[in-house]
Every structure is written in C-alpha cells, then in structure tokens.
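First the structure, in the form of structure tokens, and then the observations on it.
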Amino acid sequence: MKTDFQLIDHANAFPDLEQFRSEGSGAEVVFNGIVRTPNKGSDVLYLEFEAYEALFHNEMKRIAETLESQFQINTLVLHHRVGRVFPGEIAVVAAVYSQHRKDAFQACESLMNDLKSTVPIWKKEFNSDGSFWVSQTP
Amino acid sequence: MKKEVQLFGILKEQYGSPVFVDVSDLPISAKELIAAFRNQFQEVQDLPFLIAKNHFMIQENELIEAADHIALLPPVSGG
C-alpha cells in the first residue's frame with residue numbers, strides 16, 4: 001500500500017490527486033472537508049488549524065496499518081491544512097484508491113473517523129460572536 | 001526537579017509552550033506526570049487530554065525518563 005500524508009499550509013498547495021491513480025485501482029473515493037458558515041448560528045470568519053507534525057505522521061502511519069488490515073487499499077492519502085482556512089476553502093482531503101468501491105468507501109469513512117478521534121490537529125473557530133477551540137475527543 | 005512538556009491547542013494558548021512541570025523524581029509514569037501537571041495548572045482539572053512520548057501516543061502506565069520528549073494533547077479536532 002502506498003501512502004501520502006501531508007500538512008498543507010496554503011489553499012493552493014493541495015497536490016493533484018491524479019498522481020495516485022493506477023490501472024490496478026478501479027475505485028477512487030475522495031472526501032473534501034470544507035469550512036462552512038454559518039456554524040451553530042454564528043457567521044464563521046475563519047478556522048485556525050494547528051498540528052503536531054511529528055506525531056501526525058506517526059499516528060497516520062499507525063492508522064494506515066490498521067486500515068490496511070481491514071480493507072483492500074492500493075493508496076491512502078490524507079492532506080490537511082494548517083493555519084488560517086476561510087469558509088468555502090478545503091480543510092482536508094482524504095482519498096482512498098482500491099480495486100473495488102466498497103473497500104474504498106468504507107476505508108475513506110474510517111479514515112475520516114480516525115482523523116477526528118486521534119490525529120493531533122486542533123482547530124479554533126473565529127466567528128461573528130468571538131472565538132473558541134473546537135473539542136471533539138478525547 | 002522539572003520536566004519539560006510541550007503543549008498544543010488550548011493548553012498552549014493558556015500556558016505557552018513548553019512548560020516545566022514540577023516532579024519529585026524521574027522516571028515516573030505518564031499518569032503521575034499528568035497528575036503533577038494538573039496540580040500545577042489547576043484550571044485544566046476538567047479537561048481530558050492524551051499524552052505523547054517521543055512523538056508517539058502512550059498509555060498512562062508507561063514510564064517517562066528525563067530525556068523523553070513529552071507532549072500533552074487536548075481534545076483533537078481535525079477535519
């Protein structure tokens with residue numbers, strides 16, 4: 001299984017996913033997480049993402065090994081923005097390449113669930129009413 | 001004795017990073033270090049967090065040596 005995990009510091013710096021396609025992958029499932037507004041009744045101005053880069057790569061490697069034991073995956077991709085991200089911009093791209101769609105869909109959903117539970121990235125929301133750190137887990 | 005601890009997110013915003021946690025001795029368990037941190041920074045009593053050693057997540061029963069890089073992680077919120 002090939003992997004590509006990156007922290008991206010600019011909106012135009014997301015790598016082209018075409019490089020991850022191959023003749024052996026009949027399925028490409030891509031999830032784009034986009035900053036939305038409003039959120040909980042407030043107009044979002046931007047999100048500020050912070051990451052612990054060394055742990056990010058180690059944790060992504062661990063997640064990839066787990067997913068590989070559960071699904072048939074040819075390539076696993078996760079690209080996540082850091083810094084300031086505005087409404088309408090992409091915050092995260094998760095992509096799974098597999099022989100068949102079922103594994104690709106399920107692995108992509110699992111990848112996003114894992115991202116939100118253990119991957120060391122934090123976001124602070126700045127909105128029309130102030131700002132707060134978003135808490136999901138633990 | 002003080003142990004350097006790197007902080008992130010809301011912890012970093014509140015206390016800066018790194019911080020130096022007062023400990024009686026080393027090595028100590030991760031659980032003991034977390035308790036010492038909570039004792040020194042009492043505003044975080046209700047905040048759950050994970051701990052990482054040398055850039056890997058660890059459990060609270062793992063031992064921490066003087067040379068280990070330690071980070072305390074508040075609730076993550078990627079995506």
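Read the figures in this text as sums done on the coordinates, not as results from a lab. What you see is a predicted model, and the numbers here were worked out from it, not measured in a lab. Backbone-built Cβ (ideal geometry, glycine too); neighbour counts: all protein chains shown.
Summary table
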{"item": "Likely footprinting exposure, A:M112, A:M1, fewest C-beta neighbours within 10 Å first", "result": "A:M1, A:M112"}
{"item": "Using θ = phi - 60° and Karplus 6.51 cos²θ - 1.76 cosθ + 1.60, couplings along the stretch B:12-17 (whole Hz; Gly, Pro as x)", "result": "5, 5, 7, 10, x, 7"}
{"item": "5 angstrom amide H check on A:F71, placed H, neighbours 5+ away", "result": "none"}
{"item": "C-alpha long axis of helix A:101-118 to longest principal axis of chain A, angle in °", "result": "40"}
{"item": "Label-zone membership for the stretch A:5-31, site A:I90, 7 angstrom Cα→C-beta point, backbone N under 17 Å", "result": "A:5-22, A:28-31"}
{"item": "Distant-in-sequence amide H partners of A:R84 (H built 1.01 Å from N, under 5 Å)", "result": "A:F49"}
{"item": "Built amide H within the under 5 Å cut-off of B:H69, gap 5+", "result": "B:N54"}
{"item": "Shape category assigned to the stretch B:2-73 from the gyration tensor of Cα positions, a/c cut at 1.5", "result": "rounded"}
{"item": "Residue pairs, from the table A:K2/A:K40; A:K40/B:K12; A:K2/A:K102, whose Cα atoms sit over 28 Å apart", "result": "A:K2/A:K40"}
{"item": "Gyration tensor (alpha-carbon) shape descriptor, the protein assembly as shown, a/c threshold 1.5", "result": "oblate"}
{"item": "Residue-by-residue Karplus 3J(HN,Hα) for the stretch A:119-128, coefficients 6.51, -1.76, 1.60, Hz, glycine and proline x", "result": "6, x, 10, 10, 10, 10, 8, 10, 9, 5"}
{"item": "Efficiency of FRET between A:K40 and B:S24 - r from beta-carbon atoms, R0 45 angstrom, step 0.05", "result": "0.55"}
